[in-house]
1. Please give, to one decimal in nm, the separation of the simple spin-label points placed at Glu220 and Val40, each 7 Å out from Cα toward the Cβ.
2. How would you rank 158-166, 49-57, 217-225, highest first, on the average number of other Cβ atoms within 10 Å across their residues?
3. For a test of the definition: using alpha carbon positions, the gyration tensor, and the 1.5 limit on a/c, classify the chain as rounded, prolate or oblate.
4. Okay, helix-only estimate at 222 nm for the chain: each DSSP H run of n ≥ 4 adds -39500 (n - 2.57), divide by all residues, round to 500 deg cm²/dmol; what do you get?
5. Using the per-residue mean of other Cβ atoms lying within 10 Å as a proxy for protection, in what order, highest first, do the peptides 88-99, 119-130 fall?
6. Among 194-201, 29-36, 110-117, what's the highest-first ranking by average C-beta atoms within 10 angstrom per residue?
7. Once you sort the root eigenvalues of the Cα gyration tensor of region 153-225 as a ≥ b ≥ c, which label holds: rounded (a/c under 1.5), prolate (a/b larger than b/c) or oblate (the other case)?
8. Can you tell me the FRET efficiency between Glu71 and Ser4 if r is taken as the Cβ-Cβ distance and R0 is 22 Å, rounded to the nearest 0.05?
Amino acid sequence: MNISFLSGLLHLADPTLPIGGYTHSNGLETYVQERIVHNVETAREFVQNMLQYNVKFNDGSFVKLAYEAAEKEDLQAILALDNECNAVKCPKEIRQASQKLGLRLIKIFKRRESFPFMEAFEKAIRNKEANSHYCIVFGVYAYLMEIPLYEALLGFYYTSVAGMITNAVKLVPLGQLDGQDILFALYPVMEKTVWETMELDRDMVGLCNTAFDIRCMQHERLYSRLYMS
C-alpha cells in the first residue's frame, strides 16, 4: 500500500500546528459557563454532537467539496465555496477565526512547495474575492499534497475532535486521561462520519445549528473569557 502521503497528512492535520487554533473554543466556553458541559459524559456528548450534527454538514463537507474542486482545477468553484462558507458562519467570532486559521495554514505550507492553483487562490484572497476559510484551504492542500480524500477527511475530523477535547479538558476541567478516553470512544464515530460526508446530499451542506450559533454569539459577551471564540 502506498502511504507516501502520510507525512503530509500528519503535518496538515496536526492539532498543534501553529495556526492559532488553541485560542478558540468554538463556543464551548459558553456551554461550560452555562453548565451544559460540566463532566466527562457531557463533554463527550458535546464533541460527538458537534462532529455528527455540525462539523459534518459544514466544515467537513466544505473540505470534501474544496478537494473535489481543486481536483478539477476549478478556481471559480473554490471561490464560490469559500463565499458560501463565509455566509453560513453567522457568529462573527467563528467566521473571523476560520479566516485567520486559513491564512496561517497557507503561510505555513507555501514554505514547503509553491502550487500555481494555491497561488491563484491567494491572489483572489488578496483581491478580496475570497475569505480564506480554513476548511477550504485544508481541502485544497489535501488534494495538492496527494492525500486521498478519505484520509484527508479522517485527518480533518481527528484534528477537530482533538481540539474540542483539549478545550474541554481545560475548561470543565477534566483529567488528561478523561480526554484520552473520550478520544478513544469517538474513533468509530469519526470513521462513520467520514463515510457519511463522502455520500452527503449537496443540499444538506450548511445545515443550520441554531443553538450552537447562539452560544457562539453569547461568547462575545461573557463576563470572563479564556478563548477568542
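All of the numbers you see were taken from the coordinates with simple rules; none came from a lab. The structure presented is a predicted model; accordingly, all values stated were derived computationally and were not measured. When we count neighbours, we look across all protein chains shown, and the Cβ atoms used for this are built from the backbone with ideal geometry, even at glycine.
1. About 3.8 nm separates the two model spin labels.
2. By packing density, highest mean first, the sequence is 158-166, 49-57, 217-225.
3. prolate
4. -20000 deg cm²/dmol
5. Values: 88-99: 19.2, 119-130: 15.0.
In decreasing order of mean packing, 88-99, 119-130 become 88-99, 119-130.
6. 29-36, 194-201, 110-117
7. Working: a/c = 3.17, a/b = 1.16, b/c = 2.73.
Oblate.
8. 0.75
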